[in-house]
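First comes the structure, then the notes that go with it.
The values are calculated or read from the model by the stated rules, or taken from the named source; none is laboratory data. Worth saying up front: this structure is predicted, and the values here are computed from it rather than measured. Counting neighbours? That spans all protein chains shown, and the Cβs are built from the backbone with ideal geometry, glycine included.
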Amino acid sequence: MKVVVGISGGSGSIYAISLLKVLKELNIETHLVVTTMGEYVIEHECGMKLEELKGLATYFHDNKNFAAPIASGSFKADSMVVLPCSMKTLSCVANGFSDSLLARACDVTIKEGRKLILVPRETPLSPIHLENMLKLSRIGVTIFPPSPGFYNHPETLEEIVLNMTGRILDMMGVENNLVNRWKGL
């Protein structure tokens with residue numbers, strides 16, 4: 001399995017780090033691309049430098065490198081996830097504005113009919129944000145706000161993050177035991 005992981009400048013980079021760690025543990029090939037603001041937010045929120053982040057991925061691609069394999073539809077990835085997904089990135093994807101490798105890889109994922117998951121981290125949402133999300137959802141893109149449930153009574157931030165990581169893996173079709181699944185009353 002091959003997964004493209006994009007990190008843009010929204011808050012919530014802790015989810016991206018968690019996903020990359022789990023995919024690495026599962027021996028799933030990852031192709032990472034990070035925006036300039038994504039790099040900034042990871043360092044600000046998590047204290048992680050880009051070099052350390054690169055070590056969590058199988059391959060790293062510079063966001064300015066349009067010659068990277070993930071820029072082409074002939075590169076066969078099983079799915080792509082952008083987390084966190086800034087509203088700028090979401091807007092670029094919704095409007096076909098491929099001004100970066102990240103946006104181009106999303107465009108390729110859509111045109112090839114592959115699974116694309118966008119994890120937007122913004123609140124409140126404006127009508128423009130909602131229209132862009134609806135536009136993408138109508139063409140099959142999964143819009144996955146990282147809104148944790150509390151019915152499972154998480155006790156730590158790590159439990160919340162791992163549960164969301166497991167839910168994202170579910171969307172990608174990756175079996176996992178990270179989700180504390182609802183069993184009814």
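Of note:
- For region 155-182, a tally of residues being over 12 Å from S18 (Cβ atoms), modelled with pLDDT of 95 or more and surrounded by 10 or more Cβ atoms within 10 Å (Cβ to Cβ) returns 5.
- Any hit, region 171-185, residues being under 25 Å from V41 (Cβ atoms) and touching an Asp or Glu at 6+ places or on another chain (Cβ under 8 Å): yes
- Cβ-Cβ distances below 7 Å connect no pair with a first residue in region 5-19 that is without any contact (Cβ under 8 Å) to a residue 60 or more places away in the chain, a second residue that is in a helix (DSSP H, G or I) and surrounded by 24 or more Cβ atoms within 10 Å (Cβ to Cβ), and a separation of six or more residues or different chains.
- Matching residues in region 31-79 - criterion: being without any contact (Cβ under 8 Å) to a residue 12 or more places away in the chain, exposed (fewer than 14 other Cβ atoms within 10 Å of the Cβ) and of a type in the set (D, E): E51, E52
- In summary, helices (runs of 4 or more DSSP H) completely within region 1-84 and bearing 1 or more residues that are touching an Asp or Glu at 6+ places or on another chain (Cβ under 9 Å), of a type in the set (G, A, S) and at pLDDT 95 or above occur at 13-25.
- Filtering region 114-125 to residues that are in contact (Cβ under 8 Å) with a residue 24 or more places away in the chain and surrounded by fewer than 19 Cβ atoms within 10 Å (Cβ to Cβ) leaves R114, K115, E122.
- Of all residues in region 7-34 being among the β-branched types (V, I, T) and over 12 Å from the mean Cα position of the chain (by Cα), the one that is nearest to N177 (Cα to Cα): V22
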